[in-house]
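Engineer: This is the structure, below, for whatever I ask next.
None of the figures in this text is laboratory data; all of them are computed from the coordinates on show. Because the structure is predicted, anything quoted here is derived from the model rather than measured. All Cβ positions, glycine included, derive from the backbone under ideal geometry; neighbour counts span all protein chains shown.
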């Protein structure tokens with residue numbers, strides 16, 4: 001299909017999923033001048049978007065019927081399947097020329113399935129998972145990794161520019177999701193290092209903010225250390241990204257690695273540790289709540305707000 005022309009004031013945006021990430025992301029699109037129609041399973045989560053002028057729809061299908069480009073960012077692959085391919089899903093409400101954009105971290109194979117189903121209806125489909133957490137979503141500085149037809153991806157530039165800072169087309173359908181698995185594998189082992197290092201510093205009696213000043217700008221520096229380290233030290237484990245969603249992501253990456261005949265023992269270890277975090281009741285906390293599980297293993301009392 002020919003790439004559509006997408007522009008503020010002209011293109012009608014649909015948005016499905018206004019949670020920790022989605023609420024800020026659609027807000028940036030509205031601020032950029034796009035008219036939006038939104039849906040979320042919990043309507044109150046769309047209050048901020050509605051306050052900015054978004055219209056409410058009662059189903060993903062109704063969102064698509066009112067829109068030209070429909071974005072989704074939900075929880076799990078099963079949710080993606082429902083809101084995209086279900087009887088009341090976005091594809092059912094789409095017309096020829098529409099574009100579906102799934103920004104959930106999901107199965108690469110599902111991204112391909114959605115793209116094929118959409119193509120049969122004359123609809124374009126793009127998988128565009130993101131990295132940067134709630135901080136990146138609020139600041140419009142997300143890293144967006146994209147799979148799909150290049151002409152369609154390029155046409156979506158005004159939308160990417162409103163939400164992200166690093167926008168890279170990775171290849172055909174599913175390539176965005178595979179790239180996100182690389183991202184999550186990097187983060188998984190990295191978070192172990194961040195939490196163990198801070199636990200060590202705490203037990204050694206060091207002043208952790210002073211320690212972070214020394215190590216954060218050197219070879220040990222990372223996004224997780226700089227952005228989540230201060231939250232850990234403050235005992236603030238509110239989610240930028242839910243533990244239960246991270247477990248889902250690592251499960252996808254491990255399943256894909258198995259298909260490719262890869263042994264990823266570091267990722268497997270991180271997955272097991274995060275299952276322990278969830279078992280301790282922190283599934284709806286942020287990924288940095290790994291600190292609480294590691295502290296408990298060593299009988300260290302790590303305060304939380």
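Engineer: Compute the angle between helix 223-234 and the longest alpha-carbon principal axis of the chain, please, reported from 0 to 90 degrees and rounded to the nearest 10.
Structural biologist: Relative to the chain, helix 223-234 is tipped by roughly 60 degrees.
Engineer: Listing 76, 237, 246 from the residue with the fewest other Cβ atoms within 10 Å to the one with the most, what is the order?
Structural biologist: By the 10 Å Cβ count, ascending: 76, 237, 246.
Engineer: While we're looking at this one, here's another question. Contour minus end-to-end for residue 259 and residue 2, with contour as 0.36 nm per residue of separation and end-to-end as the Cα-Cα distance?
Structural biologist: So the extension gain works out to 89.1 nm.
Engineer: Which stretch or stretches of segment 227-257 have amide N atoms under 13 Å from the point lying 7 Å from residue 275's Cα along the Cα→Cβ direction?
Structural biologist: 247-248, 250-252, 254-255, by backbone N distance to the label point.
Engineer: Then there is this: Figure the gain on full extension for residue 43 and residue 150 (residue separation times 0.36 nm, minus the Cα-Cα span) and round it to one decimal in nm.
Structural biologist: 35.1 nm
Engineer: Once the Cα atoms of helix 22-31 and of the chain are each reduced to a long axis, what angle between those two axes, in degrees from 0 to 90 to the nearest 10, is obtained?
Structural biologist: The two axes meet at around 50 degrees.
Engineer: To continue, here is another question. Provide 78, 217, 40 in ascending order of the number of other Cβ atoms located within 10 Å of each residue's Cβ, fewest first.
Structural biologist: 217, 78, 40
Engineer: Also, quick follow-up: Quick one: compute a quarter of the convex hull surface over the Cα atoms of the chain and quote it in nm².
Structural biologist: Value for the chain: 15.8 nm².
Engineer: Please work out the Cα center distance from segment 190-230 to segment 1-78, rounded to the nearest Å.
Structural biologist: 37 Å
Engineer: Let me ask something else about it. For segment 29-160, rounded, prolate or oblate, judged on the Cα gyration tensor with a ≥ b ≥ c (square roots of eigenvalues), a/c < 1.5 rounded, else prolate if a/b > b/c?
Structural biologist: Since a/c stays below 1.5, the shape of segment 29-160 is classed as rounded.
Engineer: What whole-number value in cubic angstrom gives the convex hull volume per residue for the C-alpha atoms of segment 154-305?
Structural biologist: 140 Å³
Engineer: Now, a different point. Compute the Cα gyration tensor for segment 122-192, then decide on rounded, prolate or oblate, letting a ≥ b ≥ c be the square roots of its eigenvalues: rounded whenever a/c is under 1.5, prolate when a/b is larger than b/c in the other cases, and oblate in all that remain.
Structural biologist: Oblate shape, in that a/c is at least 1.5 and b/c is the bigger or equal ratio.
Engineer: Fully extended, how many nm does the chain gain between residue 96 and residue 219 (0.36 nm per residue separation, minus their Cα-Cα distance)?
Structural biologist: Additional length available on full extension: 39.2 nm.
Engineer: Sort 99, 130, 26 so that the residue with the fewest other Cβ atoms within 10 Å of its own Cβ comes first and the one with the most comes last.
Structural biologist: Ranked by crowding around the Cβ, least crowded first: 130, 99, 26.
Engineer: Given the chain, what percent of its DSSP beta bridges are antiparallel, to the nearest 5?
Structural biologist: Taking every DSSP beta bridge within the chain, about 15 percent pair in antiparallel fashion.
Engineer: Taking Rh as the Kirkwood radius, which is the inverse of the mean 1/r over Cα pairs, what is the Rg/Rh value for segment 1-99?
Structural biologist: 0.94
Engineer: While we're on this one: 222 nm [θ] for the chain, helices only, -39500 (n - 2.57) per DSSP H run of 4+, per residue, to 500?
Structural biologist: Value at 222 nm, helices only: -14500 deg cm²/dmol.
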